[in-house]
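**Q** The following block contains the structure, expressed as structure tokens.
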Amino acid sequence: MDDIVRQAIAKWPNVPNCYGWLGLDARGNWYMRDDQTQGAGTFAGGSAASKGSLLKHDKLIDFIARNYESDKAGQWFFQNGPQRVYVELEATPLVWRIAGGPDFAVTAHTGKAARVQRCILDEHGRVYLDTQLGFGLVHTQDMLHAADAIEQGLWVPQEVLTRELPQRFAYVRSPAASQPVRP
């Protein structure tokens with residue numbers, strides 16, 4: 001977390017949390033979701049209108065990545081100064097990029113390097129990795145590298161149903177869904 005963010009938290013400790021305004025898709029892209037977008041439906045499984053506006057500003061994306069973490073309940077958030085902005089997840093809290101062999105280095109969409117602890121395969125053939133940073137989906141463009149690591153026996157996939165992933169790996173796809181409905 002950035003030092004300036006820690007200072008803001010200390011200065012303004014009681015800023016209310018924000019829900020529904022930021023989404024992370026299955027390819028590691030961030031989306032801003034205004035009131036109209038949120039009214040169009042959920043981020044995961046919703047329409048294109050409910051996804052929001054793709055963030056393209058590199059410095060903002062880097063700031064979010066440096067200040068992205070989870071709380072004890074498994075809800076992921078971006079610490080925006082003194083305010084927690086809880087993230088709606090299309091799939092998982094992290095999206096993994098995989099380098100080619102022989103080492104198959106794993107990096108989160110946030111740019112942080114990770115060590116693979118477990119490989120998961122769901123009923124749709126999607127590959128996930130559990131690491132010291134948390135749980136995430138392998139980016140679609142890196143499935144060939146993941147397949148190579150599996151074929152070489154470096155990762156041995158365990159089969160898990162998609163619907164079981166959030167509970168088993170302790171993450172919440174929609175923190176906003178647990179909030180009271182706004183009038």
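Please treat every number below as a calculation from the coordinates, not as lab data. Since we're looking at a predicted model, the values are computed, not measured.
**Q** Largest first and to the nearest Å, give the Cα extent of the chain along each principal axis.
**A** 52, 36, 30
**Q** Can you show me the helix-derived [θ] at 222 nm for the chain, built from DSSP H runs with n ≥ 4 at -39,500 (n - 2.57) apiece and divided by the number of residues, rounded to the nearest 500.
**A** Taken over the chain, the calculation gives -5000 deg cm²/dmol.
**Q** Pull up the cross-link candidates among the aspartates and glutamates for Lys59, meaning alpha carbon to alpha carbon under 14 Å and not fewer than 8 places away within one chain.
**A** Asp2
**Q** Given 0.36 nm per residue, what is the gain on full extension from Lys56 to Thr140 after removing their alpha carbon distance, in nm?
**A** Full extension from Lys56 to Thr140 adds 28.3 nm.
**Q** Still on this structure: Sequence neighbours fewer than 8 away in the same chain don't count; with that in mind, list the aspartates and glutamates whose C-alpha is under 15 Å from Lys51.
**A** Cα-Cα hits under 15 Å: Asp25, Asp34, Asp35, Glu88, Glu90.
**Q** Determine the percent antiparallel among the DSSP beta bridges restricted to region 94-162, to the nearest 5.
**A** Close to 70 percent.
**Q** Quick one, what does Rg over Rh come out to for region 94-162 if you take C-alpha atoms and the Kirkwood Rh?
**A** Over the Cα atoms of region 94-162, Rg/Rh equals 0.91.
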